[in-house]
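See below for the structure under consideration.
The values are calculated or read from the model by the stated rules, or taken from the named source; none is laboratory data. The shown structure was predicted, so the numbers you read here are calculated from the model rather than taken from an experiment. Ligands, DNA and RNA are stripped out before the accessible areas are found, and what is left, the full protein with its side chains, is counted by its heavy atoms. Shrake-Rupley method; radii C 1.70, N 1.55, O 1.52, S 1.80 Å.
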Amino acid sequence: TTLTTYISNIPFGVGSGGAAPVFAQANALIVQGGVRSGKTLSNVVLLNADTSKPIAVRQLTILFTGGGRLTKIVGNSVTLYSGNALSGSTVTLVTPFVPGGSAWSSMMSLTFQNPLNAVTKLVWIMSDGSSSAEYAW
């Protein structure tokens, strides 16, 4: 018995129905900076690389060592989360965080119960459901 495979030059484009490709917000998210010190991860800058389309962070999934529990997330001086999340949790922000095009308007900090050893994985989940790459500090 012989199995024959044929490969042809098939163009892949817009799916049936003629819909345009969906803009994934996570593709426009730029993450810069971040300083881990004591009980905080501060000066995390989130930017929108495509300011022609708004993006919003709705949740984040975080793994960390030390720190005990994640107790607070602040973005642009507004408390976005207050609670007691364990490492491995996905937390939902009270108000979606909307990064702008400048670092000044897009700062975020995370506060922990105890001194933090490391953030081993942080993934930003956008309001459209798309997810960022993994970040660590």
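Where the alpha-carbon atoms of segment 56-137 are placed on the principal axes, they occupy 32, 25, 21 Å, in descending order.
Per residue, segment 61-137 exposes an accessible area of 47 Å² to a 1.4 Å probe, with every protein chain left in place.
Summarising the amide proton neighbourhood of Gly67: residues at separation of 5 or more, or on other chains, whose placed amide H is nearer than 5 Å comprise Asn114, Leu116, Asn117. Among the protein heavy atoms of segment 74-137, carbon and sulfur supply 54% of the accessible surface, probe 1.4 Å, non-protein parts ignored.
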